[in-house]
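J.: Pasting a structure here, questions to come.
The values are calculated or read from the model by the stated rules, or taken from the named source; none is laboratory data. If you're wondering where the values come from, they're calculated on a predicted model, not measured in any experiment. So basically every Cβ, Gly included, is an ideal-geometry build from the backbone, and we count neighbours across all protein chains shown. Calculation scope for accessible area: heavy atoms of the full protein, side chains included, ligands and nucleic acids excluded. Shrake-Rupley method; radii C 1.70, N 1.55, O 1.52, S 1.80 Å.
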Amino acid sequence: MGKTGDSGVEERPKWDNKIQYLLTCIGFAVGLGNIWRFPYLCQIYGGGAFLIPYLIALVFEGLPLLYLELAIGQRLRMGSIGVWKSISPLLGGVGIASMIVSFLVSIFYNTIIAWVLWYFFHSFQNPLPWSQCPLNDNHTGYDVECEKSTSVNYFWYRQTLNITPDIETSGSLQWWLVICLASAWCVVYICFIKGIESMGKAVYVTATFPYLVLTIFLVRALTLPGATDGLVYLFTPDWEILKNPQVWLDAATQIFFSLSVAFGGLIAFSSYNSERNNCERDAVLVGVINSATSLYASISIFSILGFKATNAYNSCREDNILDLTNHFELSDQNMTLENYYQWYDYLNSTFPDEVASLPLKSCNLQTFLDQSASGTGLAFIVFTEAVMEMPGSQVWAILFFIMLLSLGLSSMFGNIEGVLTPMHDLKIVPKWIPNEVLTAIICLASFLMSLIFTLGSGNYWVEVFNGYVGSVPLLIIAFFEIIGVIYVYGMKNFSEDIYFMTGSRPNIYWKACWMVISPIMLLAVLIAYVGLQAQKHPTYPTWNPDYELFPQTQVKDYPDWVFAIILLLCIVPVISIPVVALYELICCKIQRSSARAEPSPYCNDGFVVETQEQNNQRF
Amino acid sequence: MLEKILILLCLSSALAEQPCKPDASDGYKVRLSIKTALGDEAYVWNENEMFLFRATLAFAMRSHLNGQEFDVSNIIVCDETPRVTFWFVVTSPLNTSGLVDKGVVEEAIRMSRNRINSAFLLTDKTLEFIGITPTLTAPVNPDTPPWLIVFGVVMGAVGAGIIVVLVSPLVLKKRKKNEETDEDEEETGVKAVENGSTREGVYNMSFSDDERLTQM
């Protein structure tokens, strides 16, 4: 099946089979956040105890929203703009907001994929380039910046990003990042050329490969020493943490952003389904698999991190052993890791002054396990360091970065879909432009806009976008989505639609969630989130080699113009909701007042809506 | 008189032994970590190994200062510890009581560092001359960075894929059009056949939606 564009009638594309659709939705939901955000949250919020607020948020907030989006897309068979316009012309702004957010997110998300590509290209070298410091100019020692921090940090901040000391210093375009970004967009384009026909085939690989790699890493990590320490540390529950409201807020936001609702992509994907498809089962499946993937990924990641912490702990003690052996002229290898503590006690009691004079480090496994990181820090610094210490590091690095690439690409598909399908709905694109060209134009425009992130200060801008575009606007859009469907479209209509599609009406759990629990939760999360952000002036960590406490990151305030941009990023997507509503109200009043002069059977609002639906569904 | 000569002899012999002492101004401390380097295959440090060390150092001095014939006896070792560290000084073959300058010794060792290391199956880290930092190996810089090669391969594949996917439907269309024009020329008289190609019609979905339309 396909499009019969020649005959002038456009038929809606369809999924080849159910598996494609499920894999695409799962791929969209499972993204980089499952790998590098959830394990971090689990770790800092008391391990096993965090699962409780997380699962509660999934059941009462995540699954209802997911089911709502899939159902509405499947029923009304249009992208986000078309769907909301169908429900009520006043809600058309919700679709436009989704489209703008999808566009902004896809711009910075592909920059992260460009970084992953850069590391991937560099993983084919022996030795790995982030394992050694380069020499300084006159070859007398190592580069100063690299000496003070580590070679891994240096490779990330200097050789990859070439980062400037703060966001105000823009620096210049880094040509290597530009070509990586270009290749990232080309890869996205080739997967999207034929719309869901090509994308549906690409997801067979991109959605399943990460699971394979996670399993391989898990098996490998469990054979390395120290893996169990990491796992125990991760899952040891600290029940006291549940009293902290920040934990509940973070759990709710994590579930919300992890499921990728409110982007419009899920609505678009389910609109390509056949009408009688059990979307309830799909929604539960996608939601549960997303959370299970987060859990599985954190097990893999933390086994590796446990191995890394054990290694660091051992090398710390070995440095101490070397110092002691050299100072006291003991026989080589007489003091080993096993008898370190006995020797140390003996030497400390016999020669306390000499021992105190030595620069011994205090080695504690817990401190090394506590060194947590999330986000790009986890992937590009902590994990690359861990991979260096594993035998056969090139293979593990390549596998890891291909996994990140697949995760990022499958999420990008959803973002791009959230931009392309509404464009078709808006019908602003002339018919003679083929879809391939439209996709190419969108990819090119996004590439040019994302060149900002290849500047010296690019990483700081990615953090700005990540923190503010992908958070508050989504919460607002989701809130309006639920209110729009349940209260404007009507719970009764929606139940009838679901009965038509799945054969059974939604049960009391779904109804209770949609009508009461989820909107209240969303509103609470939104207010708490905005409240917390507004309490203090936003700051950001910078990499400044001239800082006194370098290699610690220096925390600086955002300058005012950046703050203004942040506000714009939060407001511009959601401003379309009230603007379109006002526009429709004014337009409709004008229409009504002019139509009253000549009463005609076509002026009935309900009739207008239905004929729109009929027209769209006939084709 | 005899006593004076005896005292002088004793003093001179004492002085002759004094050149090598810990923290000698012209001496260096050496530290070996044999077990760390070789593990189970570590050899025991004994007199013979010490002889080899002195011989290797004499070789290094000879290579550096061409012409001066250093001998094993010119390398004086003292203050050996179980760690296997010791101090050594180098006396000049021309003047047995004079020590060779520290800087000269350092240069000689730097030049032949590799040979000294391999004589003992050790590395710069396990055979340390305290005070002589090992020269850092310059990193290998290939002419084409390897990452550009991988990038070229990946981008080439992606670019070729894009071109193939975009061009192949156009080629197919052209072929179809050629076939259709051929068919039209053949069948201008027979109109009945034109009507028979119902496959080229558009599937009218509104008929299948009939059920829905009545669900008011």
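J.: Return the inverse of the average 1/r over all pairs of distinct C-alpha atoms in region A:197-252, which is the Kirkwood hydrodynamic radius, in Å to one decimal.
T.: After inverting the pairwise mean of 1/r, the radius is 14.9 Å.
J.: For peptide B:155-161, how many partner chain Cβ atoms fall within 10 Å of a residue's Cβ, on average?
T.: That average works out to 4.
J.: Can you work out the FRET efficiency for the pair B:I130 and A:S170, with r the C-beta to C-beta distance and R0 = 45 Å, to the nearest 0.05?
T.: Once rounded, the FRET efficiency stands at 0.40.
J.: Separate question: Please name which of A:V219, A:N326, A:I179 has its Cα lying farthest along the dipole of chain A towards the positive end, using unit charges on Cβ (Lys, Arg +1; Asp, Glu -1) and the Cα centre as origin.
T.: Toward the positive end, the furthest listed residue is A:I179.
J.: Would you mind computing, in nm to one decimal, how far apart the modelled labels at A:T336 and A:D560 are, each placed 7 Å from Cα along Cα→Cβ?
T.: Distance between label points: 6.7 nm.
J.: Per residue of A:116-123, count partner chain C-beta atoms within 10 Å of its C-beta, then hand back the mean as an integer.
T.: Values: counts 0, 5, 2, 1, 4, 10, 5, 3.
The per-residue average across the peptide is 4.
J.: Express the relative contact order of region A:1-119 as a whole percentage, based on alpha carbon pairs under 8 Å and six or more residues apart in sequence.
T.: Computed value for region A:1-119: 9 percent relative contact order.
J.: Could you give the accessible area per residue of region B:17-130, probe 1.4 Å, as a whole number in Å²? Don't jump to the answer; show the numbers that get you there.
T.: Values: 5940 Å² over 114 residues.
Result: 52 Å² of accessible area for each residue.
J.: Taking Cα pairs under 8 Å and at least six residues apart, what relative contact order does region B:17-130 come out at, in percent? Kindly include the intermediate steps, with their values, before the conclusion.
T.: Values: 158 pairs, mean separation 43.8, N = 114.
About 38 percent, as a whole number.
J.: How large is the translational diffusion coefficient of region B:17-130 in µm² per second when you combine the Kirkwood radius over alpha carbon pairs with Stokes-Einstein at 4 °C and 1.567 mPa s? Mind showing how you got there, number by number?
T.: Values: Rh = 14.3 Å.
Translational diffusion coefficient: 91 µm²/s.
J.: Among A:231-244, A:100-113, A:373-386, B:55-68, how do they line up from the highest to the lowest mean number of other beta-carbon atoms within 10 Å?
T.: Result, highest mean first: A:100-113, A:373-386, B:55-68, A:231-244.
J.: Here's another thing I want to ask about it. What is the distance, in nm, between label points placed 7 Å from the Cα along the Cα-to-Cβ direction at A:N507 and at A:V178?
T.: About 5.9 nm separates the two model spin labels.
J.: Going highest first, how would you order A:144-151, A:400-407 by mean Cβ packing within 10 Å?
T.: So the order, starting with the most tightly packed, is A:400-407, A:144-151.
J.: Here's something else I'd like to know. What's the ranking of B:124-136, A:299-311, B:88-100, A:449-461 by average number of surrounding C-beta atoms within 10 Å, highest first?
T.: In descending order of packing, they fall as A:299-311, A:449-461, B:88-100, B:124-136.
J.: Taking the radius of gyration and the Kirkwood hydrodynamic radius from Cα positions alone, what is the Rg/Rh ratio for region A:222-375, to two decimal places?
T.: 1.24
J.: If you don't mind, there's one more thing I want to ask. Compute the signed sum of charges (Lys and Arg +1, Asp and Glu -1) over the other residues within less than 11 Å, Cβ to Cβ, of A:G93.
T.: With Lys, Arg at +1 and Asp, Glu at -1, the neighbours total 0.
J.: A follow-up question, please. Taking K and R as +1 and D and E as -1, what net charge do the other residues with C-beta under 10 Å from the C-beta of A:S331 add up to?
T.: Overall, the nearby charge balance is 0.
J.: Using a 7 Å offset from the Cα along the Cα-to-Cβ direction at both A:D143 and B:E3, what is the distance between the two label points in nm, to one decimal?
T.: Modelled inter-label distance: 7.4 nm.
J.: Could you put A:V562, A:V530 in order of accessible surface area, largest first, with the 1.4 Å probe and the full protein assembly present?
T.: A:V530, A:V562
J.: Do you know the relative contact order of chain A, to the nearest whole percent, from alpha carbon pairs under 8 angstrom that are 6+ apart? Intermediate results must be reported in sequence, preceding the final value.
T.: Values: 844 pairs, mean separation 196.3, N = 619.
Dividing the mean separation by the residue count of chain A yields 32 percent.
J.: Right, another one. For the protein assembly as shown, with all protein chains present and a 1.4 Å probe, just round the carbon and sulfur fraction of the accessible area to a whole percent. Intermediate values should be presented prior to the final figure.
T.: Details: 24680 of 40500 Å².
With neighbouring chains kept in place, the figure for the protein assembly as shown is 61 percent.
J.: Hey, could you grab the Kirkwood Rh for region A:428-498? Inverse mean 1/r over distinct alpha carbon pairs, Å, one decimal.
T.: That comes to 16.0 Å for region A:428-498.
J.: I would also like to ask the following. Regarding the protein assembly as shown, what's the average projected area of the Cα-atom convex hull, expressed in nm²?
T.: The number I arrive at for the protein assembly as shown is 51.5 nm².
J.: Here's another thing I want to ask about it. Quick check for you: which residues of region A:30-70 have the amide N under 13 Å from the point 7 Å beyond the Cα of A:T228 toward its beta carbon?
T.: No residue passes the distance filter.
J.: For every other residue with a beta carbon closer than 15 angstrom to the beta carbon of A:P538, add +1 if it is Lys or Arg and -1 if Asp or Glu, then tell me the sum.
T.: Values: positive: A:K536, A:K556; negative: A:D166, A:E168, A:E463, A:D557, A:D560.
Combined, the nearby Lys, Arg, Asp and Glu give -3.
J.: If the chain between A:L585 and A:S274 were fully stretched, how many nm would it gain, using 0.36 nm times the residue separation less the Cα-Cα distance?
T.: Details: separation 311, 0.36 × 311 = 111.96 nm, distance 3.40 nm.
Residue separation times 0.36 nm, minus the Cα-Cα distance, leaves 108.6 nm.
J.: Going out from 0 in 10 Å bins, what whole percent of all Cα-Cα distances in region A:377-513 drops into each bin?
T.: That works out to 9, 20, 27, 24, 16, 5, 0, in percent per bin.
J.: Compute the distance from the alpha-carbon center of region A:426-463 to that of region A:80-122, in whole Å.
T.: Computed from Cα coordinates, the inter-centre distance equals 11 Å.
J.: Shielding by partners for B:143-151, please: the mean number of other protein chain Cβ atoms within 10 Å of each residue's Cβ. Intermediate results must be reported in sequence, preceding the final value.
T.: Numbers: counts 0, 0, 5, 7, 12, 3, 2, 8, 9.
So the per-residue partner count for this stretch is 5.
J.: Suppose every K and R has +1 on its Cβ and every D and E has -1 on its Cβ; what is the size of the dipole of region A:65-160 about the Cα centre, in Debye to the nearest 20?
T.: Values: 5 positive and 5 negative charges, 139 e Å.
Using Cβ point charges on Lys, Arg, Asp and Glu, region A:65-160 gives about 660 debye.
J.: Cα convex hull of region A:120-235: mean projected area in nm², to one decimal?
T.: The Cα convex hull of region A:120-235, projected and averaged over all directions, gives 12.3 nm².
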